[in-house]
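The structure under discussion appears below in the form of C-alpha cells.
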Amino acid sequence: DRAAGPKVVRAEVRERGRFGRGNECQLRVRGFVAEALHRHATGGACRYYLTTQPLAEDAEGRPELCGEPVRSLVRENLFPPTCPLLPSLILANANVWMGCAPAGRSTSSGLHHDFHDNVLVQVCGAKRVRMWDPSATNVLRPAGGRARVHANGRVVYGNERVE
C-alpha cells in the first residue's frame, strides 16, 4: 500500500456482466484492492479489472519498462526488474492484470494469445491454465483471423505486419 496504493491506475469497468467493452475509469490502487477484497468477501462480483497501463515515453520516444502500479513497486525494490530463475531474460515490459471472482465462483479470460512471456502469480483461490502449441493456432480459430506461425512460435494474425 505504501508504494503503489496512492497511485492512480486505469481499470476496466464491468458492463452488462462483462469486461472488455471499452468502459474504463481511473482509481487509486488502494481503492481497487479494497473493492476487490470487499466483493470477494461478500460474494459479489468485482466491478473493476486492472489491465495494461499507459507507458510514459522518454525524450527520444522510447516507452518506459512499466506503468503503474509496477513502476512504483520497482522504484521501491518491491518488484525485481530481473528474475532470479531466468537471469539471462531481458525484461521488455511489465504489467499486472488483476481481478477478483466472488468466493466459490470462477471467471475466465477466454481463449487468447499473449505476445510476451508471462509469470502467473495466483494470490488466492485456484486458476486453471490451458496451453496449446503454436502449431494448433489455426485449428483454434483465433479472433485475429487466420494466422502465420513462425518456426520460433511467433504468431502473426491476419494482415498484421512484422518488421
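The values are calculated or read from the model by the stated rules, or taken from the named source; none is laboratory data. Note that the structure is a prediction, hence the values are computed from the model and not measured. Neighbour counts run over all protein chains shown; Cβ positions are idealised from the backbone, glycine included. Note: accessible area is taken over every heavy atom of the protein model, side chains too, but ligands, DNA and RNA are not part of it. Shrake-Rupley method; radii C 1.70, N 1.55, O 1.52, S 1.80 Å.
Label-to-label distance for Leu55 and Trp132 is 2.8 nm, based on points extended 7 Å past Cα in the beta-carbon direction. Here the Karplus curve 6.51 cos²θ - 1.76 cosθ + 1.60, taken at θ = phi - 60°, turns the phi angles of region 134-142 into couplings of x, 5, 8, 3, 6, 5, 7, 6, x Hz, with x standing for Gly and Pro. Contact order for the chain, expressed relative to its length and based on alpha carbon pairs under 8 Å spaced 6+ residues apart, stands at 18 percent.
How much FRET efficiency would the formula 1/(1 + (r/R0)^6) give for Val8 and Leu85, where r is the Cβ-Cβ distance and R0 is 30 Å, rounded to 0.05? Efficiency computed from Cβ-Cβ geometry: 0.40. Using the average count of surrounding beta-carbon atoms within 10 Å as a protection proxy, the listed peptides 21-32, 53-64, 4-15 rank, highest first, as 4-15, 21-32, 53-64.
All distinct Cα pairs of the chain go into the 1/r average, and the inverse of that average, the Kirkwood radius, is 18.2 Å. Rolling a 1.4 Å probe over the protein heavy atoms gives the chain an accessible area of 75 Å² per residue.
Could you give the dipole magnitude of the chain about its Cα centre, charging the beta-carbon of Lys and Arg +1 and that of Asp and Glu -1, in debye to the nearest 20?
The calculated dipole for the chain is roughly 760 debye.
For region 11-137, the share of accessible area belonging to carbon and sulfur comes to 53 percent (1.4 Å probe, ligands and nucleic acids excluded).
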